[in-house]
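Structure first, commentary second.
Quick note: the coordinates plus some simple rules give every number you see, no bench work behind them. Everything quoted here is computed from the prediction, not taken from an experiment. Every residue, glycine as well, gets a Cβ built from its backbone with ideal geometry; the counts of neighbours run over all protein chains shown.
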Amino acid sequence: MRPLKLFLKKCFTPITILVVPHSKSRPFQVKVSFVTLLAFGFLCLTGAGYVASVCVDTIEYYAMKKELSYLVQEFDALKSTISSLKKADIEFTRLLSLKSRNTILETADFKDTGALDIESLKKQVNESIRSVFAIRKFIAEQKDLYIATPSGWPIQGEVSSYFGQREHPVTGERSMHTGVDIRAHSGTPVYATAPGIVSFSGWTDGSGYIIVLEHGYGFSTAYAHNKKNHVAVGQKVKKGELIASSGSTGMTTGAHLHYEVWKDSRQIDPSPYLKETK
């Protein structure tokens with residue numbers, strides 16, 4: 001019992017703390033018990049530990065918030081990309097008459113834990129995007145080629161002479177006929193069979209008044225023996241636009257239109273290109 005009393009007496013024994021200011025002020029004393037000093041030290045250490053714990057939690061919170069924000073942005077980007085791919089897939093299915101493809105959903109890597117492999121999905125999305133761009137480029141090129149390809153009849157009439165070897169109706173000599181002759185009354189409207197630019201509009205001795213159009217992708221068309229040309233060199237024309245009136249100028253035996261199709265600077269048979277109804 002006596003040792004406990006001595007311990008308690010020491011704990012409550014006052015301790016004098018002398019405070020000496022660096023100024024001219026007089027020193028002063030503070031008396032506190034040993035227990036109070038221990039309690040104050042314990043509270044200081046506990047408070048410091050709590051503050052440190054709060055600081056660590058705050059740092060971790062902002063780090064997690066930043067990572068979450070990044071993941072949200074990544075998912076938003078992937079969602080937007082997948083939406084674009086779905087729209088493109090619908091468009092290509094319509095244009096190419098193919099079955100719908102779900103490449104991303106079929107090939108996405110899902111781990112056994114159920115977590116989505118973002119990097120794998122991003123890689124496959126990027127591959128799909130490159131494939132989409134290649135298909136879009138191919139379709140755009142094919143569309144431009146389709147538009148540049150002459151099609152339809154340049155004039156209302158009947159074919160009187162086809163492409164190939166024949167006896168010339170004026171000279172009687174056997175020679176290559178480089179186009180088709182379409183019989184029509186003088187003054188019948190002549191129309192462009194594809195959009196293009198007029199590269200020649202004028203007179204030649206053999207063809208009379210003639211017009212040449214450049215359509216791109218190596219295609220050109222010529223319209224000869226016109227009574228009158230209605231377009232000038234450098235003028236842009238649309239498919240089906242009036243460019244001339246038929247006649248019998250040049251070396252002819254009657255009113256008709258001599259129509260030629262050129263591909264890569266070489267005359268080809270125009271007959272396959274007269275595929276639209278007259």
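What the table shows:
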quantity	calculated
Approximate spin-label separation Glu241-Arg183, in nm, with each point projected 7 Å along Cα-to-Cβ	3.2 nm
Centre separation in Å (Cα based) which lies between the stretch 209-256 and the stretch 162-181	20 Å
Nitroxide proxy distance, nm - points 7 Å out along Cα→Cβ at Tyr62 and Ala77	2.4 nm
Cα-based shape type of the stretch 221-270, given that a ≥ b ≥ c are square roots of the gyration tensor eigenvalues and the cut on a/c is 1.5	oblate
Simple spin-label estimate for Leu43 and Trp203 in nanometres, 7 Å along Cα-Cβ	11.8 nm
Difference of contour (0.36 nm per residue) and Cα-Cα distance, Glu167 to Ser151	3.0 nm
Sequence-distant residues sharing a close amide H with Phe200 (under 5 Å, placed H)	Val212
Formal net charge of residues neighbouring Ser201 (Cβ-Cβ distance under 14 Å; K, R +1; D, E -1)	+1
Förster radius 25 Å - calculated FRET efficiency between His230 and Lys275 (Cβ-Cβ, nearest 0.05)	0.50
Potential extension, Tyr217-Glu158 segment - 0.36 nm per residue separation minus Cα distance	18.4 nm
Whether the stretch 146-257 is rounded, prolate or oblate, judged on the alpha carbon gyration tensor where a/c under 1.5 counts as rounded	prolate
